[in-house]
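The values are calculated or read from the model by the stated rules, or taken from the named source; none is laboratory data. Model, not experiment: these values are computed from the prediction. Protein only, heavy atoms only, side chains kept; ligands, DNA and RNA dropped before computing areas. Shrake-Rupley method; radii C 1.70, N 1.55, O 1.52, S 1.80 Å.
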Amino acid sequence: MAWLKTKSLIITGLVLAMGLGAAGLSWSQRLDSKQLKNKLKEAEESYSAQDYSKAEEIFVQLSQSFPKDPQFSYFQLMIAKCEYHLRNYGSAENKFSEFIHKFPDSRYIPSCYFMLGNIDYLQGEVSESARNFIQAYQLARTNQERELSQRSLLPLLEER
């Protein structure tokens, strides 16, 4: 009977140690605010170098470490853009749509609609693509955004 209690205590101790060890791993993966600037630069460099998997991994880590940061919506946008460039169109579409609902006042909303237009076009949904390009055009904040949306929309209209 005593060996059963000892065995039970050992197992309980191992489970606790493993649980604390796993928690330590997740804590060590979290970043502090000093690392934010460097990690953000690394993520953007990876994205520019078209290493979208690495960029996405870093943007996810930034999102998890800094959910209250003013740049949080930017991290979320970049995760969606990485998914797009990795050709995970279903996931990218969901992430852009979620972004629009989570951050309706964001300056990135026109970009989300533009990217949704691209995804729809790639999936053969021409009408939906046109609708998203029109939405991007209407919400555009700069002439450059408007022109890009217009250039993407015109061939679709000519096709019809």
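Of all accessible surface on segment 54-160 at a 1.4 Å probe, what whole percent is carbon and sulfur?
47
Let me know the shape class of segment 69-160, please: from the alpha-carbon gyration tensor, a ≥ b ≥ c as square roots of the eigenvalues, rounded when a/c is under 1.5, otherwise prolate if a/b is greater than b/c, or oblate.
It comes out oblate by the Cα gyration axes.
What list of ³J(HN,Hα) values in whole Hz, one per residue of segment 101-116 in order, does the Karplus curve 6.51 cos²θ - 1.76 cosθ + 1.60 (θ = phi - 60°) give from phi, with Gly and Pro shown as x?
Per residue, the Karplus-derived 3J(HN,Hα) values read 6, 6, 10, x, 9, 5, 6, 8, 4, x, 5, 5, 5, 4, 5, 4 Hz.
Separation of segment 140-157 and segment 51-99 by C-alpha centroid, Å?
Rounded to whole Å, the Cα centres lie 24 Å apart.
Rolling a 1.4 angstrom probe over the protein heavy atoms, how many square angstrom per residue are accessible across segment 63-107?
Value returned for segment 63-107: 57 Å² of accessible area per residue.
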